[in-house]
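Working notes, beginning with the structure itself.
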Amino acid sequence: MRIRITYRKTGALLYTSTLDVQTIWERSVRRAGLILQYSQGFHPQPRIQIANPLPLGFVGAQELIDIWLDDERKPEEIKDLLNKSVPEGIYITEVNTIEENGPSLPKQIDASTYSVELLNSDDSIEKIQASTEIMLLKDSLPRVRNRKSYDLRPLIQEMSVQTNPDGKIVIFLKMPSNSSQTGRPEEVMAELGIPLENFRITRTSLVFLEKYA
């Protein structure tokens, strides 16, 4: 049985690597009394697929992971068992069974949406909106990351600015998250001249390719 889990990743686990998160899931499945499937071969590996690595320090509002189980329990029961077994910082919101031999989860993901909350900004929402509008009007935004030059502009698929109920300015972004392109919202903030310590990023959703949506 292949299940797809939707979960939140927050708090103490914000700076936990993708590899460590996979280990956490493996241990949590065992702790819940569920039977995890393993790959075949000389070095069997647990059949777990994380949709897309979440950068360190990002909150994950709707992260996705596929896990293969030798178990026939209903999704709601599995959800309850796992929520009692995962560490603080992970909370499962949904469990669904999916086609066991369907495409791998990472190959189904096309993009990510983000909310970037400004924490210590003296700028008005009008000024931030004007800055984002100027950015979107540009044909290219040359950047350098890890000593490599690239154009940030085509990676900004959508961008808007609003205020949240607390009155803080929030920038909403949609950027690619697939095998050919990955957009980084912190690079957008750097282009806007907003220091790293002045914002908090939440990945709000993972967007499937149209044929898998």
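Just so you know, all these numbers are worked out from the coordinates, no wet-lab data involved. Here the structure is a predicted model, which is why all the values come from computation and not from measurement. Note: ideal-geometry Cβ built from the backbone for every residue, glycine included; neighbour counts use all protein chains shown.
General observations
- Span per principal axis, largest first, for the Cα atoms of the chain (Å): 55, 35, 31
- Extension gain from LYS127 to TYR38, taking 0.36 nm per residue of separation minus the Cα-Cα distance: 26.7 nm
- Table column - 3J(HN,Hα) (Hz), the stretch 159-168, Karplus curve with 6.51, -1.76, 1.60, x for Gly and Pro: 7, 8, 10, 9, 10, 8, x, 7, x, 7
- Look at TRP25, TRP68 and count the other Cβ atoms within 10 Å of each Cβ; fewest to most, that gives TRP68, TRP25.
- Each Cα pair of the stretch 108-212 feeds into the Kirkwood radius, which the Stokes-Einstein equation turns, at 37 °C and 0.692 mPa s, into a diffusion coefficient of 229 µm²/s.
- Pairwise FRET efficiency - GLU88 versus ASN120, Cβ, R0 = 41 Å, nearest 0.05: 0.90
- Local electrostatic count, LEU34, Cβ distance below 12 Å [Lys/Arg +1, Asp/Glu -1]: 0
- Full extension of the chain segment joining LYS211 with GLU99 gains 38.8 nm, where the gain is 0.36 nm per residue of separation less the Cα-Cα distance.
- Rounded to whole Hz, the Karplus (6.51, -1.76, 1.60) HN-Hα couplings of the stretch 6-15, x for glycine and proline: 9, 8, 9, 10, 9, x, 5, 9, 4, 10
- Net lengthening on full extension, ARG31/ASP166 (0.36 nm per residue, minus Cα-Cα): 44.7 nm
- Simple spin-label estimate for GLU197 and LEU136 gives 3.2 nm between the two label positions (7 Å along the Cα-to-Cβ direction from each Cα).
- Rg(Cα)/(2.2 N^0.38 Å) for the stretch 2-102, N = residue count: 1.02
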